[in-house]
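One structure below.
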Amino acid sequence: MHGLFFFSIVFLAITIMICSYRAVKGPKATDRLIAINVIGTKTVVLICIISFILKETYFIDVVLVYALISFVSSTVISKHIENGGTKI
């Protein structure tokens, strides 16, 4: 059972690195925003898996705060992109 979790953690880490490349290299700002959203979502899943493995429930609180910060930052960045990058 733990082998499956280990594989999932490694797979998520690899895909986060691939998305990081897209976030840095992306040709458009929208590509970068989507890549950052995907990284945030994968990080939430990664922390949940680690929380399950370690049987620690306080990580769930961390996940909720991280997801909220990710959502708010994505909203602010999308508004910035929508305004043409001039003001937030």
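Since every read-out is calculated from the coordinates, none of them should be taken as a lab result. Bear in mind that the values here come from a model prediction, so they are computed numbers and not experimental data. All Cβ positions, glycine included, derive from the backbone under ideal geometry; neighbour counts span all protein chains shown.
Each residue, PHE71 and PHE52, gets one label point 7 Å from its Cα in the Cβ direction; the gap between the two is 2.2 nm.
Evaluated on segment 30-88, the Kirkwood hydrodynamic radius is 12.5 Å, with distances taken between all distinct Cα atoms. Rounded to the nearest Hz, the phi-derived 3J(HN,Hα) couplings of segment 47-56 under the Karplus curve 6.51 cos²θ - 1.76 cosθ + 1.60 (θ = phi - 60°) are 5, 5, 5, 5, 4, 5, 5, 7, 6, 10, where x marks glycine and proline. Among the lysines of the chain, pairs at least eight places apart or on separate chains and with Cα atoms under 29 Å apart come to 9.
Of interest is the spacing of the C-alpha centroids, which for segment 70-86 and segment 1-51 amounts to 21 Å. Relative contact order for segment 2-82: 28 percent, from Cα pairs under 8 Å spaced at least 6 residues apart, divided by residue count.
Determine the dipole magnitude for the chain: charges of +1 sit on the beta-carbon of Lys and Arg, -1 on that of Asp and Glu, nothing else is charged, the reference point is the Cα centre, and the result goes in debye to the nearest 20.
320 debye
With θ taken as phi - 60° and the Karplus curve 6.51 cos²θ - 1.76 cosθ + 1.60 applied, the whole-hertz 3J(HN,Hα) list for segment 57-69 is 8, 5, 5, 5, 4, 4, 4, 5, 5, 4, 5, 5, 5 Hz, x standing for glycine and proline. In plain terms, the residue of CYS19, CYS48 with the fewest other Cβ atoms within 10 Å comes first and the most crowded comes last, giving CYS48, CYS19.
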